[in-house]
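The values are calculated or read from the model by the stated rules, or taken from the named source; none is laboratory data. Every value quoted in this text rests on a predicted model; they were computed, and no experiment measured them. Backbone-built Cβ (ideal geometry, glycine too); neighbour counts: all protein chains shown. Keep in mind that these areas ignore ligands, DNA and RNA; they rest on the heavy atoms of the full protein, side chains included. Shrake-Rupley method; radii C 1.70, N 1.55, O 1.52, S 1.80 Å.
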Amino acid sequence: MDQPPAGEPAAQVKVTFTTTETDIQLPESRRQLLVPADIRRYGLSRILNSESMLDTGAIPFDFLVNGSFLRTSLDDYLSSNGLSVESNITLQYVRSLIPPVYEASF
Amino acid sequence: ATHLTNGDKDLRDYSEALEMWSTFQAKTHSLSLSLSSQLRLILTPSQSTKLSGAFSTGKRLNIKKIIPYIASSYKRDKIWMRRSIPSKRAYQILLCVDDSRSMDEAGSSSGRLALESLVMVSRALTMLEVGQVGVVGFGTDVFIAHDLTAPLFASHDAGARVLQHFTFRQDGTDMVRLLRRTLDQLRDARLLAHGGGEDLWQLALVLSDGLVQSKDHARLRPLLREAMEQRVMVVFIVMDDASGGKKGHSVLELKEARFGADGMPVIHRYLDSFPFPYYLIVHHLEDLPGALAALLRTWFSEVAV
Ligand SMILES: [Mg+2]
């Protein structure tokens, strides 16, 4: 994807986090979040682990969107599915079995 | 629902729009009456609170005239002040309705709430007969659903033709463009109005879910300042439907995450950077008349002195 010009913040998309794992549920007031649209699994994991969310340190998470693992940026997911930043994306998070790989763009 | 294409804009089916207008009108009738009677007191003051002038009879002595009065051997007797008669006010009111997809996303009924509000508010303004009422829609682009200079849309037919324009299929919410176009439109409308000594007031009411790209917040500030200088009051009415137990879905609770230079996520409340100085959050349609009236009353007490 095109990099936004320096200093220009990225577009945002609204996501709703859900999980089936009972020990890592978010309180209702924290489930909806605006995130940079160019975010990937690594950035989403960092957000979930942060103090204001689950405060879980460094658990690697994987994200299911519409039944499949998110392996691209949200941006790419939106455009390949004919969606826009107006969409509200439901992300189901699960503890990952694969350790997170740092990617240049998170 | 079937959609007909009119130019490059999809229109809602006429009979469906007509049905919506009738349903919403019936549902909001008492709210329209309530809003209309509250606005009558605020928008059309019949008595000025200011005393001024020099008359031979009046309400209170004008102290500055006393010495000349005595010096003139009581001949220059126009020593009284009266309440000045307020000049008749006229209004140009633009209702700006968010037509973007987020209004109608799964789980969101902001679109429906916005259209119900549009019907309720426009009917209240029609009952008041205080001036011109226009409707614009916005998303990635701005379009006119009812021209400011056209007759008020009082009939079901005219109302349905306005509702036809709103299908919530625009893939963006360009609030910067909306504000730019609104200010330009109102500037032109002021030049055309130049009414006979009437005092012209301009209002823009934005009906939206409040989801604006945060990067636009800073770009909106200079436009909002320009609105203030142009004496246009912009009221942002956030449609935040709370019916059906939508806990945790309120824009009041919405947060945003950004990454700092160190790559650490920072989380803020979304509304903390929201740039509109006058905004209302409406959870139920019944809240709107009282909240809008209270906000306008505050604004008029600040600027109309
Ligand atoms: Mg939107």
Measuring from the longest principal axis of the C-alpha atoms of chain B, the long axis of helix B:288-303 (C-alpha) lies at a number of degrees, nearest 10, equal to 40 degrees
With Cα springs under 10 Å, the Gaussian network model of chain B assigns the largest mean-square fluctuation among B:Ala291, B:Ala106, B:Ala261 to B:Ala261
With all protein chains in place and a 1.4 Å probe, A:Asp38 shows an accessible area in Å² (nearest 10) of 30 Å²
Computed ³J(HN,Hα) along segment A:59-69: with the Karplus parameters 6.51/-1.76/1.60, θ = phi - 60°, integer Hz and x for glycine or proline, the list is 6, x, 10, 10, 10, 9, 10, 6, x, 10, 5
Here the residues of segment B:88-122 lying in the modelled label zone of A:Thr18, meaning backbone nitrogen under 18 Å from a point 7 Å along Cα-to-Cβ, are B:105-109
Log10 I(q)/I(0) at q = 0.09, 0.12, 0.15, 0.16 Å⁻¹ for chain B, from Debye over equal alpha-carbon scatterers, is -0.52, -0.82, -1.21, -1.36
Full extension between B:Arg40 and B:Lys27 adds, at 0.36 nm per residue less the Cα distance, a length in nm of 2.5 nm
Rounded to the nearest 500, the 222 nm mean residue ellipticity computed for the protein assembly as shown from DSSP H runs (n ≥ 4, each -39500 (n - 2.57)) alone is -10500 deg cm²/dmol
Projected onto their principal axes, the Cα atoms of segment B:5-143 stretch, largest extent first, over whole-Å spans of 81, 32, 26
Per-residue average of other protein chain Cβ atoms inside 10 Å, peptide B:252-265 -> 6
Relative contact order as a percentage, chain B, C-alpha pairs under 8 Å and 6+ apart, gives 19 percent
Here the whole-number average of other chain Cβ atoms within 10 Å per Cβ of A:51-64 is 1
Two pseudo-spin positions, 7 Å from Cα along C-beta at B:Arg225 and at B:Arg269, lie apart in nanometres by 2.6 nm
Here, B:Arg76 and B:Thr149, labelled 7 Å along Cα→Cβ, have an inter-label distance in nm of 4.9 nm
Once both label points are put 7 Å beyond Cα along the C-beta direction, the B:Asp171-B:Trp299 separation in nm becomes 3.4 nm
Excluding ligands, DNA and RNA, the carbon-plus-sulfur percentage of the accessible area of the protein assembly as shown with a 1.4 Å probe reads 53 percent
Computed over chain B: longest principal axis from alpha-carbon atoms vs helix B:110-128 long axis, angle to nearest 10 degrees, is 30 degrees
Counting sequence-distant residues (5 or more places) and residues on other chains, those with an amide H built under 5 Å from that of B:Ala90 are B:Asp199, B:Leu200, B:Trp201
Between the alpha carbon centres of segment B:246-305 and segment B:139-154 the gap in Å comes to 26 Å
To the nearest 10 degrees, the tilt of helix B:14-43 (Cα long axis) against the first principal axis of the alpha carbons of chain B is 30 degrees
Over 19 Å (Cα to Cα) among A:Lys14/B:Lys215; B:Lys215/B:Lys255; A:Lys14/B:Lys9 -> A:Lys14/B:Lys9
Taking 0.36 nm per residue of separation between B:Phe55 and B:Glu19 and subtracting their Cα-Cα distance, the length gained on full extension comes to 7.1 nm
The answer for the protein assembly as shown, accessible area per residue at 1.4 Å probe in Å², is 48 Å²
Here the averaged projected area of the protein assembly as shown, based on the convex hull of its alpha-carbon atoms and given in nm², is 26.3 nm²
For B:Leu280, the residues 5 or more places away or on another chain with a placed amide H closer than 5 Å to its own amide H are B:Phe236, B:Ile237, B:Val238
Here the averaged projected area of segment B:151-273, based on the convex hull of its alpha-carbon atoms and given in nm², is 11.4 nm²
Between chains B and A, total accessible area buried, probe 1.4 Å, no ligands or nucleic acids, nearest 100 Å², roughly 2300 Å²
As straight-line cross-link partners of B:Lys64, the qualifying aspartates and glutamates (C-alpha separation under 18 Å, not fewer than 8 residues apart within one chain) are B:Asp77
Per-residue average of other protein chain Cβ atoms inside 10 Å, peptide B:159-170 -> 0
